[in-house]
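Okay, structure first, notes after.
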Amino acid sequence: MTSKAETLNITDNRTGQQYEVPVADGTIRATDLRQIKTSDDDFGLMTYDPAYMNTASCRSAVTYLDGDNGVLRYRGYPIEQVAEKSSFLEVALLLLDGDLPSKAELEAWEKDVIAAMPVPEHIEALINSFPQDAHPMAMLMAAMAALGADHPEAVDLADDALQRKQIINIIGKIATLGAYMYRHSKGLPFVKPDPSKSYSENFLTMLYQDDKGGYTPDPRLVKALDVLLILHADHEQNCSTSAVRSVGSSQVDVYSSIAAGIAALYGPLHGGANEAVLKMLRRIDGGQTIPEFMEGVKGGKERLMGFGHRVYKNYDPRAKIIKKACEDVFEVTGKNPLLDIASGLEEIALADEYFVKRKLYPNVDFYSGLIYEALGLPAEMFTVMFAIGRAPGWLAQWNEMIHDKEQKISRPRQVYTGADERDYVEASAR
Ligand code: CMC
């Protein structure tokens, strides 16, 4: 986006001083406020924005999001079009490189990513060292950090070709790791990726192949999985992406940055929400009535999980696509009665003043858990699915950040609220 030369006039009522602050792309630079001082030794004005409610932390060309109008575009392409026409690995390359690849470029990329899917034996041993009931996200985080130990050369951020190899390695291996977390939790042996299969086919096969080698995923399920991964592939400066950028700004290796993204995604207000949605729907299925549940939500006792978004103040366009994909998957697997409960909750919420007033609409997580469950995945695996889908977005944003000359180590300021200077008191005198 281009910016006109615009300025903002600020009068400081504390001093009567006037300032002219440049405005570019609808933003002012927070550091421009530092000139606004009450005296020479004043530190200068800061902004206070504890949850980054109104702070652009970077300039980014990856994903466009208009939350008021429910618009999401990857590198300019509407999410509805890429979900219908593209594949997950094509979207990954689009996010990373900025344009749709040629046929030859895409084939070479797919070959490279699929060749990177096998994980080393010591990582398999690491997964096996966890208790069988360990949360797969905790294992995924550890395994991602451990992969970094295999690549000490990854600290050389100036070498683009070397970094491209790490990117391919992470996109390839994260799916295998995800499948292995599932196999481990079931006490099943790992299934190696097969270079003749696509990414999503490989993932389903590594999950469900039996010891006789029998399993061919239904192509409709492969397509639905690919769509789900595409829908999760990037979402601009969300909590986990910001974690990846922030940790990466210290110039640590990319594996550690992605492990930080996995940690952020693990939280119930972020990637963990789809797991929480299923638990909520089950509770309602188990006897709690919808009006009773809704009263609890409106009374502030709990949240309607899968509803609301920091940026979307309209229907999340991904939720619409997922709802449709749910129907496609249920054609293969049979209908999950929880879908009716979810649709019922949605209908009531969309007409209820509490939700209307606060602009709370279904988000991507409201329906995604239902598909994952239909694909045979337990709730603990849902966030892992989100992580596999989000990996290309994290990597594209990380890559953009390390090439951005304006980025420095991420280091916010604070408003100090503690005690004034005081003298240390010996233990005997306290
Ligand atoms: N159910 C009921 N009330 C809600 C909900 C909800 N899901 N979400 C927000 N509110 C209310 C909230 O209580 C507050 O009301 P009041 O103004 O009376 O205090 C108002 O709406 C504004 O909420 P907020 O917490 O200030 O909004 P936020 O931008 O900080 O939070 C959110 C965004 C996504 C964390 C929140 O909407 C939420 O907790 N939703 C449920 C969890 C969820 O579905 N998370 C997935 C997000 S999408 C996937 C992802 O990005 O990871």
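Observations on the model:
- Among the candidates GLU107, GLU84, GLU90, the residue that is over 18 Å from PRO195 (Cβ atoms) and open to solvent by 80 Å² or more (accessible area, probe 1.4 Å) is uniquely GLU84.
- Selected residue (criterion: modelled with the lowest pLDDT) from residues of segment 381-420 that are among the β-branched types (Val, Ile, Thr) and buried (at least 21 other Cβ atoms within 10 Å of the Cβ): THR383
- Of the residues making up segment 269-298, just one is assigned to a loop (DSSP other than H, G, I, E, B), closer than 30 Å to ASP66 by Cβ and more than 7 Å from the ligand (Cβ to nearest atom), namely GLY272.
- Residue satisfying all of: in segment 299-335; open to solvent by 70 Å² or more (accessible area, probe 1.4 Å) and assigned to a helix (DSSP H, G or I); nearest to the ligand (Cβ to nearest atom) among these: LYS320
- Check on LEU278, in contact with a Cys (Cβ under 8 Å, 6 or more places away or on another chain), open to solvent by less than 10 Å² (accessible area, probe 1.4 Å) and within 30 Å of ASP352 (Cβ to Cβ): no
- Any hit, segment 130-140, residues being open to solvent by 10 Å² or more (accessible area, probe 1.4 Å) and in contact with a Leu (Cβ under 8 Å, 6 or more places away or on another chain): no
- Residues in segment 181-216 that are in contact with a helix residue (DSSP H, G or I) (Cβ under 6 Å, 6 or more places away or on another chain) and aromatic (Phe, Trp, Tyr) were compared, and the one that is surrounded by the most Cβ atoms within 10 Å (Cβ to Cβ) is PHE203.
- Within the set GLY306, GLY248, the sole residue that is touching a residue at least 24 places away in the same chain (Cβ under 8 Å), within 17 Å of THR383 (Cα to Cα) and touching a Phe, Trp or Tyr at 6+ places or on another chain (Cβ under 8 Å) turns out to be GLY306.
- Scanning segment 336-380 for residues that are assigned to a helix (DSSP H, G or I), in contact (Cβ under 8 Å) with a residue 40 or more places away in the chain, within 9 Å of the ligand (Cβ to nearest atom) and open to solvent by 40 Å² or more (accessible area, probe 1.4 Å) returns a single hit, TYR354.
- Matching residues in segment 33-65 - criterion: being hydroxyl-bearing (Ser, Thr, Tyr) and under 30 Å from VAL82 (Cα atoms): TYR52, THR55, SER57, SER60, THR63, TYR64
- Candidate set from segment 252-268 (those that are near the ligand (Cβ under 9 Å from one of its atoms) and in a loop (DSSP other than H, G, I, E, B)); member that is least open to solvent (accessible area, probe 1.4 Å): GLY267
The values are calculated or read from the model by the stated rules, or taken from the named source; none is laboratory data. Every value quoted in this text rests on a predicted model; they were computed, and no experiment measured them. So basically every Cβ, Gly included, is an ideal-geometry build from the backbone, and we count neighbours across all protein chains shown. These accessible areas exclude ligands, DNA and RNA; they are computed on the full protein's heavy atoms, side chains included. Shrake-Rupley method; radii C 1.70, N 1.55, O 1.52, S 1.80 Å.
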